[in-house]
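Visitor: This structure is in structure tokens; I'll ask about it shortly.
The values are calculated or read from the model by the stated rules, or taken from the named source; none is laboratory data. Since the structure is predicted, the reported quantities are computational estimates derived from the model, not experimental observations. Quick reminder, even Gly has a Cβ in these numbers, built from the backbone with ideal geometry, and neighbours come from all protein chains shown.
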Amino acid sequence: MEFTKPALEYAEIWPIIVVLAVGALGVVVEAFAVRRLRFPLQVALSLVGLVAALVGTVFVGTNLDEAAGGQARGLLGAAGSVVVDGPTVFLWGVVLVFAILGILLFAERRLENGVSAFAGQAAALPGTDAERDAQSLDHTEVYPLMMFAVSGMMLFPASGDLLTMFVALEVLSLPLYLLCGLARRRRLLSQEAAMKYFLLGAFSSGFFLYGVALVYGFAGTMDFAGIDQAVRSDTGNTALLTIGIGMLAVGLLFKVGAVPFHAWTPDVYQGAPTPVTAFMSAGTKIAAFGAILRLFYVAFGSDRWNWQPMLWVIAILTMLLGVVLAVVQSDVKRMLAYSSVAHTGFLLTGVLGAQSVGDLAAGQVTSTQAVLFYLVTYSFATLGAFAVVSLVRDASGEATGMVRWAGLGRRSPLVAAAFAFFLLSMAGIPLTGGFIGKWAVFTVAVSAGAWPVVAVAIASSVIAVFFYVRQIRVMFFSEPEGPVGEVATVTRPSLLTSGTIVVGVLGTLVLGVVPGPLLTLAGHAGQFIR
């Protein structure tokens with residue numbers, strides 16, 4: 001058997017290559033640069049690399065039809081392992097934009113008296129002399145770790161076969177496990193969060209890999225197009241296919257925090273360094289939902305009537321459990337974590353819609369278009385909200401207890417107003433991006449006949465308004481209690497965090513008032529190709 005060397009379409013996949021190269025170069029910087037130069041070198045290298053990848057993504061997107069050679073809008077690269085189509089390029093751009101904002105939060109040093117939010121020495125045991133001696137050090141390894149995570153986020157929704165998707169899942173996950181355990185304060189809580197995330201993530205990866213084996217046993221191939229052909233032909237053991245889809249769904253639904261695979265979300269969101277929580281809450285959902293759309297629409301699109309009931313049940317449970325548990329939270333980060341779980345349910349509602357334009361009336365949006373738009377609006381709100389959380393502090397550091405936020409609207413009206421605006425967007429109030437996002441996913445679900453799921457989604461949205469408005473009431477209409485040291489105040493940030501919050505507010509406002517351009521861009525991305 002003659003070996004054929006695979007051809008790599010470097011011109012189309014080079015944004016991923018750039019991010020990977022920057023991550024590898026960051027490791028070299030850590031090994032050879034003097035300590036005082038590592039921080040500026042890592043920040044500059046990461047920002048330049050992400051901006052270069054974003055420019056490359058725009059270039060690839062504008063030349064996609066030409067690169068495809070007149071075929072469907074997109075191409076199969078790396079011997080079919082990487083699919084570069086409209087949705088892929090859109091997701092790449094969104095991931096890179098929020099990665100740039102994440103880098104700005106990672107680089108914030110004013111909030112911790114000249115050092116970052118990350119532990120000076122990760123290997124030092126909490127409370128020991130080694131940890132105290134490392135208080136003035138800066139943990140700059142976080143930047144190459146973030147670059148590797150971003151590369152996994154870009155490859156995940158672009159995967160053309162199950163093996164590549166699994167590799168992307170691990171490249172995305174492993175750096176995040178490490179980043180979650182690097183908080184400078186509350187070290188034990190941070191390490192506990194990282195351990196829970198790692199153990200549960202390892203189990204979910206095992207389920208995913210077992211699902212890969214079962215689907216391969218059914219179809220005889222790991223290629224999405226080949227799986228789709230096998231499903232259409234109905235030539236294999238359907239039990240293998242059904243169980244395999246369920247196993248694969250476990251691995252993907254874990255990454256987005258869907259019920260019943262959500263248990264890690266509140267603990268990890270609370271224990272991880274807040275810049276990591278902000279970046280992870282946006283980037284992971286974007287990448288994972290891109291992978292969910294590609295897997296279910298491309299590989300299993302012909303088996304829709306088998307997997308749709310499963311997603312109906314999971315979407316309903318995710319929305320209800322997310323909002324009900326968010327109501328009883330007394331910690332802001334945990335409240336936002338359960339809010340994230342509920343938003344996963346809303347996004348799954350959009351997945352239930354019709355993908356093909358031919359299945360819709362004129363002027364209606366497709367499910368891909370609706371989910372892509374929702375991901376952007378949610379990411380602006382959640383990243384901005386966690387950026388605000390990093391500013392609110394008391395004598396012991398970040399003050400995430402809700403009672404500590406009492407009266408914050410009078411002490412720091414602009415910061416409290418920004419946080420309230422993000423919460424209103426998450427609640428789906430008109431003139432915010434969240435309202436248009438919910439309208440889009442609810443519309444596509446109703447058009448596909450999933451009106452019971454939409455009914456639950458509307459009820460869940462009403463419940464969610466309660467805990468969002470409760471937090472706003474605490475900030476603006478409650479009196480602080482306890483000693484002065486226990487009352488939270490807003491620490492003056494640098495332009496890095498301030499700029500991130502401003503971008504979040506503007507993105508949320510513009511998408512709520514003028515959503516047309518982004519909806520058009522998401523529609524222009526088209527459908528996933530096979």
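Visitor: Six or more apart or on different chains, Cβ atoms under 6 Å: show the pairs whose first residue is in segment 367-381 and in contact (Cβ under 8 Å) with a residue 60 or more places away in the chain and whose second is of a type in the set (Ser, Thr, Tyr).
Guide: Listed by first residue and then by second, the contacts come to 380/508; 381/425; 381/508.
Visitor: Quick one: which residue in 410, 404 is touching a strand residue (DSSP E or B) at 6+ places or on another chain (Cβ under 8 Å), at pLDDT 85 or above and charged (D, E, K, R)? Walk me through how you get there before you give the answer.
Guide: Working: 410 fails: touching a strand residue (DSSP E or B) at 6+ places or on another chain (Cβ under 8 Å).
It is 404.
Visitor: Mind listing whichever residues of segment 137-177 are over 13 Å from the mean Cα position of the chain (by Cα) and β-branched (Val, Ile, Thr)?
Guide: Within segment 137-177, 140, 142, 164, 167, 171 meet the criteria.
Visitor: Can you tell which of 431, 424 is modelled with pLDDT of 90 or more, within 26 Å of residue 399 (Cα to Cα) and touching a Leu at 6+ places or on another chain (Cβ under 9 Å)? Even if it seems obvious, please write down each step before you answer.
Guide: On the way: 431 fails: within 26 Å of residue 399 (Cα to Cα).
Result of the check over 431, 424: 424.
Visitor: I've got another one for you. Taking only segment 506-529 into account, find how many residues are surrounded by fewer than 21 Cβ atoms within 10 Å (Cβ to Cβ) and among the β-branched types (Val, Ile, Thr).
Guide: 4
Visitor: So, in segment 10-24, exactly how many residues are at pLDDT 75 or above and more than 25 Å from the chain's Cα centre (by Cα)?
Guide: 1
Visitor: Before we move on, is residue 496 among the aliphatic types (A, V, I, L, M) and touching a Ser or Thr at 6+ places or on another chain (Cβ under 9 Å)?
Guide: Values: among the aliphatic types (A, V, I, L, M): yes; touching a Ser or Thr at 6+ places or on another chain (Cβ under 9 Å): no.
In short, no.
Visitor: Follow-up. So for segment 184-193 (the condition being in a helix (DSSP H, G or I) and within 23 Å of residue 156 (Cα to Cα)), does at least one residue qualify?
Guide: no
Visitor: A further question on this structure: For segment 489-530, name all the residues that are within 30 Å of residue 474 (Cβ to Cβ), assigned to a helix (DSSP H, G or I) and of a type in the set (Ser, Thr, Tyr).
Guide: Within segment 489-530, 497, 498, 500, 508 meet the criteria.
Visitor: Report yes if some residue within segment 444-453 is under 22 Å from residue 106 (Cα atoms), touching a residue at least 40 places away in the same chain (Cβ under 8 Å), among the β-branched types (Val, Ile, Thr) and surrounded by 22 or more Cβ atoms within 10 Å (Cβ to Cβ); otherwise report no. Explain how you work it out, then say what you get.
Guide: Initially, segment 444-453 is screened for residues under 22 Å from residue 106 (Cα atoms), giving none.
Taking every residue of segment 444-453 in turn, none turns out to be under 22 Å from residue 106 (Cα atoms), touching a residue at least 40 places away in the same chain (Cβ under 8 Å), among the β-branched types (Val, Ile, Thr) and surrounded by 22 or more Cβ atoms within 10 Å (Cβ to Cβ).
Visitor: Does residue 441 meet the test of being closer than 30 Å to residue 294 by Cβ and either outside any helix (DSSP H, G or I) or more than 21 Å from the chain's Cα centre (by Cα) (or both)?
Guide: In short, no.
Visitor: Among the residues of segment 363-393, count how many are within 21 Å of residue 107 (Cα to Cα) and more than 19 Å from the chain's Cα centre (by Cα). Let's see the steps before the verdict.
Guide: If we filter segment 363-393 for residues that are within 21 Å of residue 107 (Cα to Cα), which is where we start, we get 379-393.
Then keep just the ones that are more than 19 Å from the chain's Cα centre (by Cα); that gives 391-393.
Count: 3.
Visitor: Can you tell me which residues in segment 397-438 are assigned to a loop (DSSP other than H, G, I, E, B) and in contact (Cβ under 8 Å) with a residue 40 or more places away in the chain?
Guide: Filtering segment 397-438 for residues assigned to a loop (DSSP other than H, G, I, E, B) gives 399-400, 406-407, 412, 428-432.
Selection gives 399, 400, 406, 407, 412, 430, 431, 432.
Visitor: Let me ask something else. Filter segment 218-277 down to the residues that are among the polar types (S, T, N, Q) and in contact with a Gly (Cβ under 8 Å, 6 or more places away or on another chain), then identify the one that is modelled with the highest pLDDT.
Guide: The initial filter retains those residues of segment 218-277 that are among the polar types (S, T, N, Q), namely 221, 229, 233, 235, 237-238, 242, 265, 270, 274, 277.
When the remaining residues are screened for being in contact with a Gly (Cβ under 8 Å, 6 or more places away or on another chain), the result is 237, 265.
Numbers: 237: 73, 265: 91.
Here the answer is 265.
Visitor: If you take just the helices (runs of 4 or more DSSP H) that sit entirely in segment 52-152, which of them hold at least 3 residues that are modelled with pLDDT under 90? Full working, then the answer.
Guide: Numbers: elements: 64-67, 86-106, 129-133.
Correct list: 64-67, 129-133.
Visitor: Test residue 429 against the criterion of being crowded, with 20+ Cβ neighbours inside 10 Å and over 26 Å from residue 113 (Cβ atoms), and give yes or no. If you could, list the steps in order and put the result at the bottom.
Guide: Details: crowded, with 20+ Cβ neighbours inside 10 Å: no; over 26 Å from residue 113 (Cβ atoms): yes.
Answer is no for this residue.
Visitor: Which residues, taken from segment 312-334, are farther than 19 Å from residue 279 by Cβ, out of contact with any Leu (no Cβ under 6 Å at 6 or more places or on another chain), assigned to a helix (DSSP H, G or I) and touching a residue at least 60 places away in the same chain (Cβ under 8 Å)? Outline the logic, then answer.
Guide: Kept after step one, since they are farther than 19 Å from residue 279 by Cβ, are these residues of segment 312-334: 312-331.
Narrowing the set further to residues that are out of contact with any Leu (no Cβ under 6 Å at 6 or more places or on another chain) leaves 312-314, 316-331.
Filter once more, so that each one left must be assigned to a helix (DSSP H, G or I): 312-314, 316-327.
Listed by number, the residues that qualify are 312, 314, 316, 318, 319, 320, 321, 322, 323, 324, 326, 327.
Yes or no, residue by residue, for (1) surrounded by fewer than 19 Cβ atoms within 10 Å (Cβ to Cβ); (2) without any contact (Cβ under 8 Å) to a residue 12 or more places away in the chain:
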residue: 196; (1), (2): yes, no
residue: 214; (1), (2): no, no
residue: 218; (1), (2): no, no
residue: 222; (1), (2): no, no
residue: 228; (1), (2): no, no
residue: 233; (1), (2): yes, yes
residue: 239; (1), (2): yes, yes
residue: 244; (1), (2): no, no
residue: 249; (1), (2): no, no
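Visitor: Select from segment 483-508 the residues that are modelled with pLDDT of 90 or more and of a type in the set (Gly, Ala, Ser) and write down the one among them that is farthest from residue 111 (Cα to Cα).
Guide: Ranking the qualifying residues of segment 483-508, first place goes to 507.
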